[in-house]
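Written out below as structure tokens is the structure these notes cover.
The values are calculated or read from the model by the stated rules, or taken from the named source; none is laboratory data. As the structure is a computational prediction, the values presented were derived from the model and not from experiment. Positions of Cβ are backbone-derived with ideal geometry, glycine not excepted, and every protein chain shown enters the neighbour counts.
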Ligand SMILES: *Cc1c(COP(=O)(O)O)cnc(C)c1O
């Protein structure tokens, strides 16, 4: 193993160099994937030197999500202390279901959950768990809401059509989860949004009333803290009043921007969170930990246990349910996703996490200011969003992003709102500085003048 650790260290150096020298990996067409890399699995193994050579090839061609040119998704960068925690959890290789096999790691997870509950404004009676991602966190919320509405569903299955509500701009996992949980995609009601992409609560109420009239059973509303494209924040306070009136479970999907609970300056964006029933946040997005680190908390601790516990004599043999985390989990064996956020939090403190969150808004403001100063750009984003959406010189966003990627200049994606397609640049990597944002725009502009405006633009 010591040799493998030494090799790991050597490969990390290779990766760091590649990130510096070639921040966007050379584009590898799928048709060349198996030609350019030796990914074959054979009867005979390879000797270490050969393995090292293949791994180095793979490193060079793998997309560099921690580089200064990666703005493609809702994660990016690498924070040392968080990565350290994740590497340690691989070495420990505990499974989080019981105190017997995870020991202090259970305490690590419980501390993170307790502090997230507190920051969310939840009572002492709240609890939560780690899920394999934001989509699964949303599914856990949906299941709790379903079982809360009708306890017998756990045993009998669905007997009546139940409806749920989410905005047009919400994450696709909501409708996928409706299918997975037996609710059905047709029972998802899409609430209209305003021009900023925020849910319209009047429309929400109208949809609920219509469903009640048609004898459906409304049970769940999903509000989003940071919509996937525009980064918009639904008005939780107003939505919570509608939920209360009709006795619906309110979940706040904060996978993207729920991290604002750490910021005194931006916490107002999720005001009213304390009135929600559940809340999820991906630490691998705003807080910068490695994938995946998704947390779901609920005010209704009993429901979490109710929906997810199972008796298993072969497993739960010691200690109480409070320390056997398998009793509140979607999974059986479960990797330790808590240690990376704990290590980061421990090392920088709550104030350090606040700085990480605030910096993203600062970088986004800096990018928006650049766009607003420059007539060749059109801005689609609003204040208080870390998704910077724009178009440049009427060039198709899709064409621009694809060309930047295939020419190894920048990794950035595109999105759509009200049928307008635009570039979506995300300032979520807090290891970057303002000059890196300048570099983004310079690179994009140079690319357009050298590569795209030379050929006819479709
Ligand atoms: C990213 C995201 C999700 C999904 O999270 P995964 O960890 O990718 O499953 C859900 N909701 C929103 C708003 C997101 O931005």
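For the list (1) free of Cβ contacts under 8 Å to residues at least 12 places away in the same chain; (2) closer than 21 Å to residue 68 by Cβ, I need the number of the one condition that residue 15 fails.
Residue 15 satisfies all of (1) free of Cβ contacts under 8 Å to residues at least 12 places away in the same chain; (2) closer than 21 Å to residue 68 by Cβ except (1).
Looking at 320, 326, 333, can you tell me which residue is assigned by TED's automatic domain parsing to the domain that holds residue 130, without any contact (Cβ under 8 Å) to a residue 40 or more places away in the chain and within 30 Å of residue 151 (Cβ to Cβ)?
320 is the lone residue from the list that is assigned by TED's automatic domain parsing to the domain that holds residue 130, without any contact (Cβ under 8 Å) to a residue 40 or more places away in the chain and within 30 Å of residue 151 (Cβ to Cβ).
Quick one: is residue 182 at positive phi, surrounded by fewer than 21 Cβ atoms within 10 Å (Cβ to Cβ) and in the same structural domain as residue 246 (by TED's automatic domain parsing)? Can you show your working first?
Working: at positive phi: yes; surrounded by fewer than 21 Cβ atoms within 10 Å (Cβ to Cβ): yes; in the same structural domain as residue 246 (by TED's automatic domain parsing): yes.
For residue 182, the condition - at positive phi, surrounded by fewer than 21 Cβ atoms within 10 Å (Cβ to Cβ) and in the same structural domain as residue 246 (by TED's automatic domain parsing) - is met.
For segment 159-174, enumerate the residues that are more than 16 Å from the ligand (Cβ to nearest atom), in a loop (DSSP other than H, G, I, E, B) and in contact with a helix residue (DSSP H, G or I) (Cβ under 8 Å, 6 or more places away or on another chain).
Residues satisfying the conditions are 159, 161.
Would you check if residue 269 is closer than 22 Å to residue 388 by Cβ, within 16 Å of the ligand (Cβ to nearest atom) and assigned to a helix (DSSP H, G or I)?
yes
Residues that are within 16 Å of the ligand (Cβ to nearest atom), closer than 28 Å to residue 93 by Cα and modelled with pLDDT of 95 or more: does segment 141-148 have at least one?
yes
If only one of 15, 51 is at pLDDT 95 or above and more than 26 Å from residue 443 (Cβ to Cβ), which one is it?
51
Consider residue 233 carefully, then state whether it is within 16 Å of the ligand (Cβ to nearest atom), touching a helix residue (DSSP H, G or I) at 6+ places or on another chain (Cβ under 6 Å) and modelled with pLDDT of 95 or more.
yes
Step by step: first the residues of segment 400-438, then only those that are assigned to a loop (DSSP other than H, G, I, E, B) and surrounded by fewer than 21 Cβ atoms within 10 Å (Cβ to Cβ), then the one that is farthest from the chain's Cα centre (by Cα). Which residue is that?
Out of the qualifying residues, it is 407.
Can you pull out every residue in segment 309-353 that is touching a helix residue (DSSP H, G or I) at 6+ places or on another chain (Cβ under 6 Å) and at positive phi?
Within segment 309-353, just 319 meets the criteria.
Residue by residue, here is whether (1) surrounded by fewer than 20 Cβ atoms within 10 Å (Cβ to Cβ); (2) within 16 Å of the ligand (Cβ to nearest atom) holds:
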| residue | (1), (2) |
| --- | --- |
| 299 | no, no |
| 302 | yes, no |
| 315 | yes, no |
| 335 | yes, yes |
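Hey, any hits in segment 110-131 for a residue that's under 24 Å from residue 272 (Cβ atoms), touching a residue at least 60 places away in the same chain (Cβ under 8 Å), within 15 Å of the ligand (Cβ to nearest atom) and in the same structural domain as residue 325 (by TED's automatic domain parsing)?
Yes, because at least one residue in segment 110-131 is under 24 Å from residue 272 (Cβ atoms), touching a residue at least 60 places away in the same chain (Cβ under 8 Å), within 15 Å of the ligand (Cβ to nearest atom) and in the same structural domain as residue 325 (by TED's automatic domain parsing).
Here is a list of conditions, (1) free of Cβ contacts under 8 Å to residues at least 60 places away in the same chain; (2) within 30 Å of residue 327 (Cβ to Cβ); (3) part of a loop (DSSP other than H, G, I, E, B), and residue 94 meets all of them except one; can you say which number that is?
So the condition that residue 94 fails would be (1).
For the structure I just gave you, tell me whether residue 100 is away from the ligand (no atom under 16 Å from the Cβ) and without any contact (Cβ under 8 Å) to a residue 24 or more places away in the chain. Give the derivation first.
Details: away from the ligand (no atom under 16 Å from the Cβ): yes; without any contact (Cβ under 8 Å) to a residue 24 or more places away in the chain: no.
Against the criterion (away from the ligand (no atom under 16 Å from the Cβ) and without any contact (Cβ under 8 Å) to a residue 24 or more places away in the chain), residue 100 does not qualify.
Please go through segment 285-295 and give me each residue that is more than 9 Å from residue 133 (Cα to Cα) and within 11 Å of the ligand (Cβ to nearest atom), ordered by number.
285, 286
Quick check on my filter: what residues within segment 368-387 are assigned to a helix (DSSP H, G or I) and surrounded by fewer than 19 Cβ atoms within 10 Å (Cβ to Cβ)?
Taking segment 368-387 first, the residues assigned to a helix (DSSP H, G or I) are 368-373.
369, 370, 372, 373, listed by residue number.
Please specify each residue of segment 202-228 satisfying the condition of being over 22 Å from the mean Cα position of the chain (by Cα) and surrounded by 21 or more Cβ atoms within 10 Å (Cβ to Cβ).
204, 208, 218, 219
Checking the condition in contact with a helix residue (DSSP H, G or I) (Cβ under 8 Å, 6 or more places away or on another chain), more than 24 Å from residue 344 (Cβ to Cβ) and away from the ligand (no atom under 14 Å from the Cβ), which residue from 217, 261 passes?
Values: 261 fails: more than 24 Å from residue 344 (Cβ to Cβ).
Only one candidate qualifies: 217.
Looking only at segment 186-201, which residues are within 13 Å of residue 223 (Cβ to Cβ) and either part of a strand (DSSP E or B) or within 23 Å of the chain's Cα centre (by Cα) (or both)?
Across segment 186-201, the qualifying residues are 191, 193, 197, 198, 199.
Among the numbered criteria (1) surrounded by fewer than 19 Cβ atoms within 10 Å (Cβ to Cβ); (2) closer than 19 Å to residue 330 by Cβ, which one does residue 125 miss?
Condition not satisfied by residue 125: (2).
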